[in-house]
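Asker: Next up is a structure, given as structure tokens.
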Amino acid sequence: QGRAERRENSFLPLPGSYAIVRLVLVGLFVAGMVGCGVTQVAKRTATVHEVRIQQEISPRMMHVRTGDEIQWHNLLSSPIQLGILGTKWQDHVMCEKGFKQFGQVMDLVTIQPQEHVSLCFSKAGTVQYNVWLDPKNLTGSMSATATVRID
């Protein structure tokens with residue numbers, strides 16, 4: 001009679017089911033740890049560095065730390081485009097403003113007049129970029145390549 005009562009009551013576990021539950025929980029924990037990226041290198045800092053874009057880019061060479069925010073400010077009266085060179089930097093973005101479109105981090109973005117975009121990185125490295133003062137003329141209005149060194 002005891003066995004019949006246990007099977008009728010779905011809240012009571014069947015013999016051996018604790019081992020299965022523990023195995024499933026351990027599997028979910030391990031999968032969660034791998035999927036959450038527990039190996040993130042840096043934490044976000046409160047430090048903000050500004051790149052001022054007028055007819056020239058200032059500064060053209062910048063040193064920042066992992067987790068610092070780099071803001072590109074368009075101080076002109078017309079839109080500009082900012083292009084980050086290469087693709088390895090995209091894997092190390094830990095914060096962004098104005099770079100995501102349809103869930104993807106873009107390497108070419110438009111900055112409206114008196115607006116800014118920003119990035120911060122989780123790993124040390126070098127990021128190079130160009131600015132186009134006239135987005136309709138991507139060959140004639142390109143700046144010299146500028147650099148951000150992340151330490």
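Residues are listed down the side, and each one gets a yes or a no for (1) among the hydroxyl-bearing types (Ser, Thr, Tyr); (2) part of a strand (DSSP E or B); (3) touching a Cys at 6+ places or on another chain (Cβ under 9 Å):
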{"residue": "46", "(1), (2), (3)": "no, no, no"}
{"residue": "55", "(1), (2), (3)": "no, no, no"}
{"residue": "78", "(1), (2), (3)": "yes, no, no"}
{"residue": "83", "(1), (2), (3)": "no, yes, no"}
{"residue": "113", "(1), (2), (3)": "no, no, no"}
{"residue": "123", "(1), (2), (3)": "no, no, no"}
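Asker: Sticking with this structure for a sec: Quick check: anything in the range 79-89 loosely packed, with under 12 Cβ neighbours inside 10 Å, among the basic types (Lys, Arg) and on the phi < 0 side of the Ramachandran plot? Give the derivation first.
Answerer: From the range 79-89, those loosely packed, with under 12 Cβ neighbours inside 10 Å are 87-88; that's our starting set.
Adding the requirement that they be among the basic types (Lys, Arg) leaves 88.
Now restrict to residues that are on the phi < 0 side of the Ramachandran plot: 88.
Checking the range 79-89: at least one residue is loosely packed, with under 12 Cβ neighbours inside 10 Å, among the basic types (Lys, Arg) and on the phi < 0 side of the Ramachandran plot.
Asker: Another question about this same structure. Let me spell it out: the conditions are (1) farther than 16 Å from residue 49 by Cβ; (2) in contact with a Gly (Cβ under 9 Å, 6 or more places away or on another chain), and residue 77 meets all of them except one. Which number is the exception?
Answerer: (2)
Asker: Okay, next question. Being under 23 Å from residue 125 (Cβ atoms) and either open to solvent by 40 Å² or more (accessible area, probe 1.4 Å) or modelled with pLDDT under 95 (or both) narrows it down to one residue among 66, 47; which is it? Explain how you work it out, then say what you get.
Answerer: Working: 66 fails: either open to solvent by 40 Å² or more (accessible area, probe 1.4 Å) or modelled with pLDDT under 95 (or both).
Among 66, 47, only 47 is under 23 Å from residue 125 (Cβ atoms) and either open to solvent by 40 Å² or more (accessible area, probe 1.4 Å) or modelled with pLDDT under 95 (or both).
Asker: Let me ask something additional. For the range 111-142, give me the residue count where each residue is out of contact with any Lys or Arg (no Cβ under 8 Å at 6 or more places or on another chain), within 17 Å of residue 62 (Cα to Cα), open to solvent by 50 Å² or more (accessible area, probe 1.4 Å) and not basic (Lys, Arg).
Answerer: 2
Asker: Here's a follow-up. So for the range 130-150 (the condition being closer than 14 Å to residue 64 by Cα, in a strand (DSSP E or B) and either in contact with a Gly (Cβ under 7 Å, 6 or more places away or on another chain) or aromatic (Phe, Trp, Tyr) (or both)), does at least one residue qualify?
Answerer: yes
Asker: In the range 90-102, which residues are on the phi > 0 side of the Ramachandran plot and buried (at least 18 other Cβ atoms within 10 Å of the Cβ)? Step through it out loud before you land on a result.
Answerer: Taking the range 90-102 first, the residues on the phi > 0 side of the Ramachandran plot are 98, 102.
Matches in the range 90-102: 98 only.
Asker: Quick check: anything in the range 103-110 touching a helix residue (DSSP H, G or I) at 6+ places or on another chain (Cβ under 8 Å), touching a residue at least 12 places away in the same chain (Cβ under 8 Å) and either part of a loop (DSSP other than H, G, I, E, B) or open to solvent by 60 Å² or more (accessible area, probe 1.4 Å) (or both)?
Answerer: Our first condition is that a residue be touching a helix residue (DSSP H, G or I) at 6+ places or on another chain (Cβ under 8 Å); within the range 103-110, this holds for 105, 107.
With the extra rule that they be touching a residue at least 12 places away in the same chain (Cβ under 8 Å), the set shrinks to 105, 107.
Those left that are additionally either part of a loop (DSSP other than H, G, I, E, B) or open to solvent by 60 Å² or more (accessible area, probe 1.4 Å) (or both): 107.
Yes: the range 103-110 contains one or more residues that are touching a helix residue (DSSP H, G or I) at 6+ places or on another chain (Cβ under 8 Å), touching a residue at least 12 places away in the same chain (Cβ under 8 Å) and either part of a loop (DSSP other than H, G, I, E, B) or open to solvent by 60 Å² or more (accessible area, probe 1.4 Å) (or both).
Asker: Turning to a different aspect of this structure: Mind checking which pairs have a first residue in the range 116-134 that is closer than 17 Å to residue 53 by Cα and a second that is open to solvent by 50 Å² or more (accessible area, probe 1.4 Å) and part of a strand (DSSP E or B), Cβ under 7 Å, 6 or more apart or different chains?
Answerer: Qualifying pairs under 7 Å: 117/97; 118/96; 118/97; 119/96; 130/142; 132/142.
The values are calculated or read from the model by the stated rules, or taken from the named source; none is laboratory data. Since the structure is predicted, the reported quantities are computational estimates derived from the model, not experimental observations. When we count neighbours, we look across all protein chains shown, and the Cβ atoms used for this are built from the backbone with ideal geometry, even at glycine. Accessible surface is based on the protein model in full, side chains and every heavy atom, while ligands, DNA and RNA are left aside. Shrake-Rupley method; radii C 1.70, N 1.55, O 1.52, S 1.80 Å.
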